[in-house]
Amino acid sequence: MSLKGLLIGIIFTILYSSGAIIMKIGLLSAPPLTLATLRFLIAGLLLLLYIYGFKKGKYTLPNKREWKFLILMGLLNTTLFVGLGNLALRTISAGIFNLFLPINPFLFALFSLIFMGKHIRPKEWVGMVVSVIGLFIATFPSLTGSHATLSGILFLTFAMVSMAVGSLIFKKADLQLPNLVINAWQVFIGGILLLIPTLFLESGKPINLDIHLVEYLLWSVFGLSIISMSIWYYLLKQDAVKANNWLLLNPVAGYILAAIVLGEPITWYGVIATVIVLLGLYLSGNFQIKESAMVQQKKVV
């Protein structure tokens, strides 16, 4: 791997794993669903303005079939994943949140087996079991302490399931649209759909127009929804397998960032759990960088 590729991968890992940290900061100023709605509507409008304004004539609108899948992916990958994730972060640590992220490939594989008949190799089953043990080690002490609640873990679990199902639908849809267009519409549609529960559940709740809200909006809109995703698509074009390897390093980066920025404690339980989860990912083959002739899979976060 070249020095340039290494630096780009490290930057992506830091940006992506900072999502939970910036959500925690945003929660100091506004309710969780309100934060997610503001992020997606602003990011979506900026992306659509760029696509159909500054790049007018280069991109076409989605067709009828594509709209159906974009709405589904907006609901699953944006509205439910981030909405439930934000709700979870009210009562769980950012470190626990990032520890759950690498489990998505396993959920995707499991749903592919159930709904698409995909074969799962024995070593992948072993990896899943080992990783689940690691998650149990991480979450059980947190449930008995002050860093997580059962409702928070359930919200986070449903968020991961939603993202895995959304990824499965995306794969089956095989949309013939540029990644930029897919991301823009998915983000904007997700924000529109999130307006309904936000108005119903958080109408009248206070919003503090302070530095924390500004930090959240600037970082989540530009750092996560725009810059991070641009780097992700660049990595996918270089090598899809290596790109996923960077995504799987989120537990390590997440724990370090949460400790530095939020002052969350790094416990032996957390360290051991992270090592076990990474071991599970290694045993499943996710950390084996191979040259492959496979078609690169598009991914939208």
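General remarks:
- Test: residue in segment 200-212 that is under 20 Å from the mean Cα position of the chain (by Cα), in a helix (DSSP H, G or I) and surrounded by 14 or more Cβ atoms within 10 Å (Cβ to Cβ): no
Matching residues to (1) within 30 Å of Lys118 (Cβ to Cβ); (2) buried (at least 17 other Cβ atoms within 10 Å of the Cβ); (3) not small (Gly, Ala, Ser):
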position	(1), (2), (3)
Leu33	no, yes, yes
Gly53	no, no, no
Gly85	yes, yes, no
Leu89	no, yes, yes
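- Restricting Ser225, Ser203 to those that are modelled with pLDDT of 80 or more and in contact with a helix residue (DSSP H, G or I) (Cβ under 9 Å, 6 or more places away or on another chain) reduces the list to Ser225.
- Among the residues making up segment 254-272, those that are buried (at least 20 other Cβ atoms within 10 Å of the Cβ), outside any loop (DSSP other than H, G, I, E, B) and either at pLDDT 75 or above or in contact with a Ser or Thr (Cβ under 6 Å, 6 or more places away or on another chain) (or both) are Gly254, Tyr255, Leu257, Ala258.
- Qualifying residues in segment 145-195 (those that are part of a loop (DSSP other than H, G, I, E, B) and open to solvent by less than 40 Å² (accessible area, probe 1.4 Å)) - the one farthest from Phe54 (Cα to Cα): Ala148
- Selection status of Phe100, within 22 Å of the chain's Cα centre (by Cα), in contact (Cβ under 8 Å) with a residue 12 or more places away in the chain, closer than 25 Å to Ile226 by Cα and assigned to a helix (DSSP H, G or I): yes
- Residue pairs whose Cβ atoms lie under 8 Å apart, sitting 6 or more positions apart in sequence or on different chains, and linking a residue in segment 32-61 that is outside any helix (DSSP H, G or I) to a partner that is of a type outside the set (Ser, Thr, Tyr) and surrounded by 18 or more Cβ atoms within 10 Å (Cβ to Cβ), are Lys58/Ile51; Tyr59/Ile51; Tyr59/Val181.
- Given (1) open to solvent by 30 Å² or more (accessible area, probe 1.4 Å); (2) modelled with pLDDT under 75; (3) over 23 Å from the mean Cα position of the chain (by Cα), index of the condition Val132 fails: (3)
- Residue in segment 68-76 that is basic (Lys, Arg) and open to solvent by less than 60 Å² (accessible area, probe 1.4 Å) present: no
- Of all residues in segment 1-23, none satisfies being open to solvent by 20 Å² or more (accessible area, probe 1.4 Å), within 19 Å of the chain's Cα centre (by Cα), in contact (Cβ under 8 Å) with a residue 40 or more places away in the chain and under 29 Å from Pro206 (Cβ atoms).
- The residue of segment 91-103 that is nearest to Tyr282 (Cα to Cα), among those that are of a type outside the set (A, V, I, L, M, F, W, C) and open to solvent by less than 20 Å² (accessible area, probe 1.4 Å), is Pro102.
The values are calculated or read from the model by the stated rules, or taken from the named source; none is laboratory data. Everything quoted here is computed from the prediction, not taken from an experiment. Don't worry about glycine lacking a Cβ; one is built from the backbone with ideal geometry, like all the others, and counts go over all protein chains shown. Side chains included, ligands, DNA and RNA excluded: accessible areas come from the protein's heavy atoms. Shrake-Rupley method; radii C 1.70, N 1.55, O 1.52, S 1.80 Å.
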